[in-house]
Amino acid sequence: MKNLVALLAGSLFGIGLFLSGMTDTAKVQGWLDVFGAWDPTLAFVMGGAMLPMAVAWRLTRRMRPVTGGSFPPAPLPEVDRKLVIGSVLFGMGWGLAGLCPGPALASLSYGGLGGLVFAVSMGTGMWLAPGLRARLDRAVPAE
């Protein structure tokens with residue numbers, strides 16, 4: 001049951017990414033080009049994702065998932081080195097390629113070689129990140 005719900009939720013998410021234009025790299029890069037040919041339409045997509053999620057965090061505070069387990073805790077409101085480095089790397093990838101993890105996976109079926117290269121690079125970065133973070137934490141302790 002849990003896997004079926006995950007499949008349905010992931011499919012709905014992928015369809016939403018496709019319909020909203022989040023898998024169109026030109027549209028995403030147009031959103032990021034605030035001093036050029038700016039395309040503000042993705043603000044509605046982001047608002048349409050963030051507003052329901054804010055409500056969901058409130059409503060699920062004392063609830064349990066239908067399929068078992070528990071909901072993840074709300075993110076901490078602190079800004080630390082890991083958040084800044086991760087945000088910079090995410091923004092660089094998003095700005096250069098016009099894709100982030102969800103749309104990259106959704107576009108694998110039609111993204112061609114460029115989409116595949118991005119997805120493999122993203123996966124490699126995710127695989128390397130824990131070791132690099134541990135090495136960075138040992139070299140320069142966070143303040």
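Read the figures in this text as sums done on the coordinates, not as results from a lab. Quantities reported herein were computed from a predicted structural model and do not represent experimental measurements. In this analysis, Cβ positions are derived from the backbone assuming ideal geometry, glycine residues included, and neighbour counts consider all displayed protein chains.
Values as computed for the structure displayed
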quantity	calculated
Leading residue by the ranking (nearest to VAL45 (Cα to Cα)) among those in the stretch 1-20 that are of a type in the set (A, V, I, L, M) and exposed (fewer than 10 other Cβ atoms within 10 Å of the Cβ)	LEU4
Residue in the stretch 29-53 that is surrounded by the fewest Cβ atoms within 10 Å (Cβ to Cβ), counting only those that are in a loop (DSSP other than H, G, I, E, B) and hydrophobic (A, V, I, L, M, F, W, C)	PHE35
Filter result for VAL88 (in contact (Cβ under 8 Å) with a residue 24 or more places away in the chain and either of a type outside the set (Ser, Thr, Tyr) or touching a helix residue (DSSP H, G or I) at 6+ places or on another chain (Cβ under 6 Å) (or both))	no
Residue tally, condition of a type in the set (A, V, I, L, M) and within 22 Å of GLY131 (Cα to Cα), over the stretch 61-85	4
Within the stretch 10-31, considering residues that are touching a residue at least 24 places away in the same chain (Cβ under 8 Å) and among the hydrophobic types (A, V, I, L, M, F, W, C), the one nearest to GLY93 (Cα to Cα)	VAL28
Residue in the stretch 16-26 that is part of a loop (DSSP other than H, G, I, E, B), on the phi < 0 side of the Ramachandran plot and of a type in the set (S, T, N, Q) present	yes
